[in-house]
Amino acid sequence: MREEKQNPTAFVACPILVTFLAAAGYQARAERDRPGGQFPGWPVPRYPFPVMRTHLLVAALLLAVPAFAQQSSKMTPEQTEVWKPVPEIVRPGATDADPPSDAIVLFGGKNEDAWVSAQTHQPARWFVHDGILTVNKRDGNIETKERFEDYQLHLEFKIPSDITGSGQARGNSGVFLASTGPGDDGYELQVLDSYKNTTYVNGQAGSIYKQSPPLVNPARKPGQWQTYNVVWTAPRFNPDGSLKSPAYVTVFFNGVLVQNHFQLNGQTVNIGKPFYKAYDRAPIKLQAHPDPSQPISFRNIWVRPLD
Ligand code: MG
């Protein structure tokens, strides 16, 4: 930190100077107006004292401005220290992938109690085994029972090592950051096998589907676990349903930034243009994509609400 030295003359010079100027002006005016004053030969003084005062004023400004500038640069470190409110203590996980103490665990390896069918709102019936959650394509999308606004989300997914298919029909799934209805209504962060699998770039893994391609492609080979870490800022709506503020998303894919505070144009759609549709709080949804490739798996899903 830079050391700031105090200069007391800066604090003293200005009041003295101002007092001096006031006195000089007062005296000059009195002298000017006094019959038989000190300058008897001068015309009734319209000239010398106003000029003198002007000169004094200029001098004062020339002295005072640096003094004030010097004064502002002489702030102490303590003047910009903030001590309250003290941030709440959160105990981090054993690793950065593990849920911190204030996280809501949405899938911890044992059950899918936090999830329901997005279509029927009945208990989810994906496959829980070996601490992981595998998509049940016959049961459709699942979504959280709890609804969220802004949050930090962590999840991990794995494309099966024996994955088949190509393009969008190869390990397709998705994380709907806000589910606004059954089916694929909402805001989808795409999940796909994007390791040497060519498709439209705004539909590959790490994309905001058909709105924003990932900045880079850090996809791992099928058979390896991959991570998404997401910061989601939900859109806000006015009472009449019009958009008040758009949604933003930041995504790290396998620790690499792929979406940098991207401003969404609305819900992600497969056909047509994105649009905003008013909602309040929304579940997070996982996609059971109907393509014939082998189902993918998830694990270690947790969320930290930020609102
Ligand atoms: Mg998808």
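Residue-by-condition table, conditions (1) within 11 Å of the ligand (Cβ to nearest atom); (2) touching a residue at least 40 places away in the same chain (Cβ under 8 Å); (3) not assigned by TED's automatic domain parsing to the domain that holds THR120; (4) not hydroxyl-bearing (Ser, Thr, Tyr):
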site: PHE148; (1), (2), (3), (4): no, yes, no, yes
site: ILE163; (1), (2), (3), (4): no, yes, no, yes
site: GLY167; (1), (2), (3), (4): no, no, no, yes
site: VAL175; (1), (2), (3), (4): yes, yes, no, yes
site: TYR187; (1), (2), (3), (4): no, yes, no, no
site: GLN190; (1), (2), (3), (4): yes, no, no, yes
site: LYS196; (1), (2), (3), (4): no, no, no, yes
site: VAL201; (1), (2), (3), (4): no, no, no, yes
site: GLY206; (1), (2), (3), (4): no, yes, no, yes
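Can you confirm whether segment 213-222 contains a residue that is in contact with a helix residue (DSSP H, G or I) (Cβ under 6 Å, 6 or more places away or on another chain) and either assigned by TED's automatic domain parsing to the domain that holds PRO160 or surrounded by 17 or more Cβ atoms within 10 Å (Cβ to Cβ) (or both)? Yes - at least one qualifying residue is present in segment 213-222. Of the residues making up segment 88-127, just one is closer than 23 Å to PHE253 by Cβ and polar (S, T, N, Q), namely THR95. Tell me the strands (runs of 3 or more DSSP E) entirely within segment 147-211 that contain at least 3 residues that are within 21 Å of GLN294 (Cβ to Cβ), touching a helix residue (DSSP H, G or I) at 6+ places or on another chain (Cβ under 8 Å) and of a type in the set (Val, Ile, Thr). No strands (runs of 3 or more DSSP E) qualify here.
Which members of segment 212-224 meet the condition of being within 15 Å of the ligand (Cβ to nearest atom) and assigned to a loop (DSSP other than H, G, I, E, B)? Residues satisfying the conditions are PRO213, PRO214, ALA219.
When you check GLY109 against the structure, is it surrounded by fewer than 16 Cβ atoms within 10 Å (Cβ to Cβ), part of a loop (DSSP other than H, G, I, E, B) and within 14 Å of the ligand (Cβ to nearest atom), yes or no? Even if it seems obvious, please write down each step before you answer.
Working: surrounded by fewer than 16 Cβ atoms within 10 Å (Cβ to Cβ): yes; part of a loop (DSSP other than H, G, I, E, B): yes; within 14 Å of the ligand (Cβ to nearest atom): no.
The answer is no for GLY109.
The values are calculated or read from the model by the stated rules, or taken from the named source; none is laboratory data. Quick caveat, the model's predicted, so the values are computed rather than measured. Backbone-built Cβ (ideal geometry, glycine too); neighbour counts: all protein chains shown.
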